[in-house]
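Nothing in this text is a laboratory measurement; each read-out follows from the coordinates by a stated rule. This one's a predicted model, so the numbers in the text were calculated from it and none came from an experiment. Because the Cβ atoms are built from the backbone with ideal geometry, glycine has one as well, and the counts that use them run over all protein chains shown.
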Amino acid sequence: MIDQLGSAFDYHQQALSLRQARHEVLAANIANADTPNYKARDIDFASELKRATASGAQHAAHQGGLDLARTSSRHIAGEGPAWRGGSAQLLYRIPDQPSLDGNTVDMDRERTQFADNAVRYQAALTILNRRIQGLKNAMQPE
């Protein structure tokens, strides 16, 4: 039963982790908008999520990951998430209009991507919250 609950939320956990990592990358781009020779970076969210969910399925099948010390064989084994924040492949952005100082940050694009990512992060949280509320309601006796 707990395994099914864990797998039900695994996709959302990985999506939220990727959204948070992308948010940090976009914030770094915005912060370095005036830094000479700074190259704007981004995460291809769709391909990284596909890779994370595929490795999550392999992770569940192999029962690898972060093992915690157990004092009893009846304890549940602890495992870390399949996706870790530093493993996403960062891509360079190709600028629409190159600048003289070598900086490839386009502030309009960065702000748009940042706002889009924030809205999608909030939507994912709302979906996850409603899913949890639905499960809680299903478990409540009438």
Q | Theoretical gain in end-to-end length, Leu91 to Ser73 [0.36 nm per residue, Cα-Cα removed] | A | 2.1 nm
Q. Between Leu128 and Asp101, what is the FRET efficiency for a Förster distance of 41 Å, r being their Cβ-Cβ separation, to the nearest 0.05?
A. 0.45
Q) Can you list the residues, at least 5 places off or on another chain, whose amide H is less than 5 Å from the amide H of Arg93, using H built in the peptide plane? A) Ala40, Arg41, Asp42
Q. Using the Cα atoms of the stretch 12-59 to build a convex hull, what is its mean projected area in square nanometres?
A. 3.7 nm²
Q: Determine, for Ile30, Ile76, the number of other Cβ atoms within 10 Å of each Cβ, and report the residues in order from fewest to most.
A: Ile76, Ile30
